[in-house]
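Only one structure is covered here, and it is reproduced in the block below.
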Amino acid sequence: MLSDNTVIDDEIQCRIQKAASSFGLLQQRLWKHHGIIAAVKVNVYSAAVLAILLYMVVKAGLYKRRVKQLE
C-alpha cells in the first residue's frame, strides 16, 4: 500500500516487520526442530519469509538503496 505521497518507506518497513514476524513464528515449529532436513527449511523460508518480504519488489521498481534495506 502506498501512501498518498507515494513514499514506499512505510511499506518497506511493514514488509520487513511481517517477514521477521513470520520467521519468528516458525522458530519452535521449524528452525529448532532437528528432525526436519535443511532443504525443507530452506524451501519453507523461501515460500513463507522471502515471499512476504519481496512481494512488493515485483509490484514496484525499487532504487538500489531500498533493495539494500530489504537485504
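Each reported figure results from applying straightforward, stated rules to the coordinates on display, with no laboratory input. Note that the coordinates shown come from a computational prediction; the quantities given were computed from them, not determined experimentally. With ideal geometry, Cβ positions are generated from the backbone for all residues, glycine too; neighbour counts draw on all protein chains shown.
Overview of results
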item	result
Hz values of 3J(HN,Hα) by residue in the stretch 43-52 - Karplus curve (6.51, -1.76, 1.60), Gly and Pro given as x	5, 5, 4, 5, 6, 9, 7, 5, 4, 5
Mean Cβ neighbour count within 10 Å, used as a protection proxy, ranking 22-35, 42-55 highest first	42-55, 22-35
